């Protein structure tokens, strides 16, 4: 027994000595490898056996990068402006520098008078001979200052001046009645446009857009007359515009799409086949058509399809109008989830961002040429609201080709794939219509064809907007409340104007924490130079999305 025990001890000792020697040798080889081998690429994959992603069929988006369906064109670069005299201030003009990378034009409304604030009083009645009296010095001052910014103007020919109506009914936005005497209106339109042509030249002014009125089917707030009276007003105005600028780009007022609208597509019929009130001919010149579209968060919808389809279909029914620009010339999220409107016309959080990505997808589906945007910054700052970061994504994709994407994805989620040169972009979004939704998603883009066919390895970058990325409003609200600033519990929440919700002290909180908010508001890059590879001729990705989120994936061939 003792001999057996000693032998056993010897055997165990021998095993230990051999194991130690082997481990020392292996460790030395590992150290040598660390010194002599090149650093490994992040997420390396064997070209012959890339890591397999197990996909769920109902979450697949099949993308053929060789099947072009249209351009990723710029629809976001025009802003409306209620008061063009704001451009007279140097501080205001200078404040616009940060937005010039994505704003190119301003649509100037209520330029001809008839306002509740009595600005733009260029028309001053008629003399004894029936000739109008005008003073356009103020118009020239504001337009010169506007032109100094480099933006392109668009002019809304409204409203009818107070002096042109005997019965001065003051409606929500000023005078909305047609003129008592259309000869005086003609003279005024002619003089107004002639002043602009004389100052800025025909070659310049004929490139501007001219819109006749605003929401003429919103009675009486924007038009205190009948449908036929607006048709007459439009025909006569267009006729006079063309006398001054024969090549003018002109169209009717943007149509209200709310339930209180008094008519809808009849205006298109009139311009196509109706009798022109000014000329007696059939139809009226219409170079573009537009609507207003405002979402209401409390209705838990994305209502654009039902708003735009009647107009898209009617325009398509007339060959001469099927390809004219169809625009949204007023746009935003009008109310919050508590049915509160306030002055904000947007949601400044990730909810507004994911909604905007969904709207972009629909805009291309319905061939919406432009969406006029009231602004994408937060009040009293140049800080971007979350939706502005989605525009930053658009800017990377602008000018590329949208390619085919086929899926069975339900709800308000999807992918806009774009090929720009040899780079592939995927704008991937998940939108839910309620703020407190927790409905996350996973999507599997599977790419093939086109530029994918010629490359095996791809370098991938990703940018993200969601509740934890590219949004500072939640932090701002937390800090304002911690500072004891008065909160208006009946005010709009999370709009782009904090003054809708908080008392004046909120500005002090914004200023005190500006560097923090500036950093949080930036569009963050969430993946840098990861390497992905094809398998069986296809490139498969897995993308996880928060309940309200937008991701931009960039794929660059290696």
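The values are calculated or read from the model by the stated rules, or taken from the named source; none is laboratory data. If you're wondering where the values come from, they're calculated on a predicted model, not measured in any experiment. We place every Cβ from the backbone using ideal geometry, glycine too, and count neighbours over all the protein chains shown.
Take the conditions surrounded by 14 or more Cβ atoms within 10 Å (Cβ to Cβ), under 27 Å from the mean Cα position of the chain (by Cα) and in contact (Cβ under 8 Å) with a residue 60 or more places away in the chain and apply them to residue 295. Does it pass? So residue 295 fits the description; yes. Against the test of being in contact with a strand residue (DSSP E or B) (Cβ under 6 Å, 6 or more places away or on another chain) and outside any strand (DSSP E or B), the options 416, 480 yield a single qualifying residue, 480.
What number of residues in the range 357-390 are in contact (Cβ under 8 Å) with a residue 12 or more places away in the chain and either out of contact with any strand residue (DSSP E or B) (no Cβ under 8 Å at 6 or more places or on another chain) or more than 30 Å from residue 322 (Cβ to Cβ) (or both)? Of the residues in the range 357-390, 15 are in contact (Cβ under 8 Å) with a residue 12 or more places away in the chain and either out of contact with any strand residue (DSSP E or B) (no Cβ under 8 Å at 6 or more places or on another chain) or more than 30 Å from residue 322 (Cβ to Cβ) (or both). When residue 516 is tested against (1) part of a loop (DSSP other than H, G, I, E, B); (2) surrounded by fewer than 21 Cβ atoms within 10 Å (Cβ to Cβ), exactly one condition is not met: (1).
Looking at the range 284-295, can you tell me whether even one residue there is farther than 26 Å from residue 208 by Cα and in a loop (DSSP other than H, G, I, E, B)? The answer is no, given that none of the residues of the range 284-295 is farther than 26 Å from residue 208 by Cα and in a loop (DSSP other than H, G, I, E, B). Checked against (1) more than 13 Å from residue 212 (Cα to Cα); (2) in contact (Cβ under 8 Å) with a residue 40 or more places away in the chain; (3) surrounded by 15 or more Cβ atoms within 10 Å (Cβ to Cβ), residue 241 passes all but a single condition, namely (1). Scanning the range 409-424 for residues that are in contact (Cβ under 8 Å) with a residue 60 or more places away in the chain and within 16 Å of residue 358 (Cα to Cα) returns 409, 412, 413, 414, 415, 416, 417, 418.
Residue 169 meets each of the listed conditions (1) crowded, with 18+ Cβ neighbours inside 10 Å; (2) assigned to a loop (DSSP other than H, G, I, E, B) apart from (1). Please tell me if residue 265 is surrounded by fewer than 18 Cβ atoms within 10 Å (Cβ to Cβ), at pLDDT 95 or above, outside the structural domain of residue 551 (by TED's automatic domain parsing) and closer than 15 Å to residue 255 by Cα. Yes: the conditions hold for residue 265. With respect to the conditions (1) free of Cβ contacts under 8 Å to residues at least 60 places away in the same chain; (2) outside any loop (DSSP other than H, G, I, E, B); (3) exposed (fewer than 15 other Cβ atoms within 10 Å of the Cβ), residue 180 lacks only one, and its number is (2).
Of 82, 53, all but one fail to be out of contact with any helix residue (DSSP H, G or I) (no Cβ under 6 Å at 6 or more places or on another chain) and closer than 27 Å to residue 170 by Cα; the exception is 82.
Residue-by-condition table, conditions (1) out of contact with any strand residue (DSSP E or B) (no Cβ under 7 Å at 6 or more places or on another chain); (2) surrounded by fewer than 21 Cβ atoms within 10 Å (Cβ to Cβ):
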| position | (1), (2) |
| --- | --- |
| 93 | yes, yes |
| 105 | no, yes |
| 116 | no, yes |
| 123 | no, no |
| 136 | yes, yes |
| 160 | yes, no |
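The one condition from (1) assigned by TED's automatic domain parsing to the domain that holds residue 550; (2) in contact with a strand residue (DSSP E or B) (Cβ under 6 Å, 6 or more places away or on another chain); (3) crowded, with 19+ Cβ neighbours inside 10 Å that residue 432 does not meet is (2).
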